[in-house]
1. Which whole-Hz couplings ³J(HN,Hα) result when phi for each residue of the stretch 133-146 is put into the Karplus expression 6.51 cos²θ - 1.76 cosθ + 1.60, θ = phi - 60°, listed in order with x for Gly and Pro?
2. Summing +1 for each Lys or Arg and -1 for each Asp or Glu, what net charge is found among the other residues whose Cβ lies under 11 Å from the Cβ of Gln166?
3. In whole Hz, what ³J(HN,Hα) sequence does the stretch 164-172 give by Karplus (6.51, -1.76, 1.60; θ = phi - 60°), x for Gly and Pro?
4. Debye calculation, C-alpha points only, no solvent: report log10 I(q)/I(0) for the chain at q = 0.13, 0.16 Å⁻¹, in the same order as the q values.
5. For Glu104, Glu109, what ranking results if the residue with the fewest other Cβ atoms within 10 Å of its Cβ goes first?
6. Using only DSSP helix segments of four residues or longer, with each worth -39500 (n - 2.57), what per-residue ellipticity at 222 nm results for the chain after dividing by its residue count and rounding to 500?
7. Taking 0.36 nm per residue of separation and subtracting the Cα-Cα distance, what length does fully extending Thr26 through Arg119 add?
8. Output the antiparallel fraction of DSSP beta bridges having both residues in the chain, as a percent to the nearest 5.
Amino acid sequence: MSDDRAQTVLDFVVGMSVFLVAVGFTFAFVPSLLEPYAVGEGATVIVAERGAARLAESSLVGAGSTATLSHACTVAFFNGTDPATAADTFGCDWTANADDLHAELGVDEVRGLNLTVTRNGTVESIGSGAASAHMRAGPAPPRGESVSAASRIVAIDDPNDPEGAQTYRLTLRVW
């Protein structure tokens, strides 16, 4: 009787092992197959990089300069000065100030934006007296959401500072 039977226990173990490996492989790789169709964080990285580049390379630079942010344009931007007034007075090239960061960067209102300019890890104020501006715009990023950030090291020229241009970190956060 036992001579007619094959190795059923060994066949069962091999068959179940192959089945479990196939099921594990499926569960491991199906989410990555569906990932391109899910709402991803890649768009926020692109928006952050593009926005930081725009601010550091065109919006806040002075007339004729692309390497250093204009002190006057930066103060006017964060103070909420009217763009037309800033363009006429200082030669600034931004269409909306820090109060309307979405319009300046061309980003939909559904995305959150936060812009900070820091020095040695703290948010700085620039200018003096009534022409002083705290270099922060937008609400604080929420703790429970994924936030993408892009930073640029920038120099801001200050005509009243005997040391000349100072180095800052411009950081744009998008969620």
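1. After applying 6.51 cos²θ - 1.76 cosθ + 1.60, I find 9, 7, 8, 8, 9, x, x, 5, x, x, 6, x, 10, 7 Hz.
2. On the way: positive: Arg119; negative: Glu124, Asp157, Asp158, Asp161, Glu163.
After counting each charged neighbour, the total is -4.
3. x, 5, 10, 8, 9, 10, 8, 10, 10
4. Summing over Cα pairs of the chain leads to -0.69, -0.93.
5. The most exposed by this proxy come first: Glu109, Glu104.
6. Mean residue ellipticity at 222 nm (helix-derived): -11000 deg cm²/dmol.
7. Extra length available between Thr26 and Arg119 comes to 28.6 nm.
8. Among the beta bridges of the chain, antiparallel pairing accounts for roughly 95 percent.
Quick note: the coordinates plus some simple rules give every number you see, no bench work behind them. Here the structure is a predicted model, which means the values were calculated and not measured. Note: ideal-geometry Cβ built from the backbone for every residue, glycine included; neighbour counts use all protein chains shown.
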